[in-house]
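Bear in mind that the values in this text are calculations on the coordinates, not laboratory data. What you see is a predicted model, and the numbers here were worked out from it, not measured in a lab. Neighbour counts are summed over all protein chains in view; Cβ atoms, including those assigned to glycine, are modelled from backbone coordinates with ideal geometry.
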Amino acid sequence: MQRYVIDSSVFNKLYIDEVDRDKAQQLFIQAAAGEVILLAPDLLYLEVVNTAQRCGVPVNSVVDLLEAQKYLLDIRAVNDTERKKAIEIMASGHIKSGYPSIYDALFHAMALCNNAVFITADKRHYVKTKMLGSICLLNEL
């Protein structure tokens, strides 16, 4: 069964009407049908709540949405191996194109360490790290 680590940018499409919202919703439909496994570091929770506040979306409703998805999305702390991999990912950038942030790198590291694919809507991170593998843009699903 395919395992995906989803980025906050993907989860946010569940409550913000953005391009590829239907693709994000489809991932959760597939998880509900038992067709895919969805994972995310617990950082997702903080990033999603922060985005809701920034966008003027009631934070309590987004917290409720996060809680409702906990049966479809395994949100957990990153382990030591994943943290070390994230540090490696951060170093994979270039001074001209920029370095991946530790936040994006944690999501990607979780995918790399768990035989999963990191699904993101963040084209900047994708461009910086696609050579590492285990990454896909949401719009490519």
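I want to check the label-to-label distance for Leu65 and Ser101. Put each point 7 Å from Cα in the C-beta direction and report it in nm to one decimal.
1.9 nm
Given N residues in the range 2-140, what is its alpha carbon radius of gyration divided by 2.2 N^0.38 Å?
Ratio of Rg to 2.2 N^0.38 Å for the range 2-140: 1.00.
With no solvent and one point per C-alpha, what does the Debye sum give as log10 I(q)/I(0) for the range 49-89 at q = 0.17, 0.18, 0.30 Å⁻¹?
-0.66, -0.70, -0.90
What number do you get for the range 9-73 when its Cα radius of gyration is normalised by 2.2 N^0.38 Å, N = residues?
It is 1.07.
Mind checking the range 56-141 for chymotrypsin sites (Phe, Trp or Tyr not before Pro) that DSSP puts in a loop (not H, G, I, E or B) and that have at most 14 other Cβ atoms within 10 Å?
Hits after loop and neighbour filter: Tyr71.
Can you spot the aspartates and glutamates whose alpha carbon is less than 12 Å from Lys128's alpha carbon? Ignore those fewer than 8 places along the same chain.
Asp104
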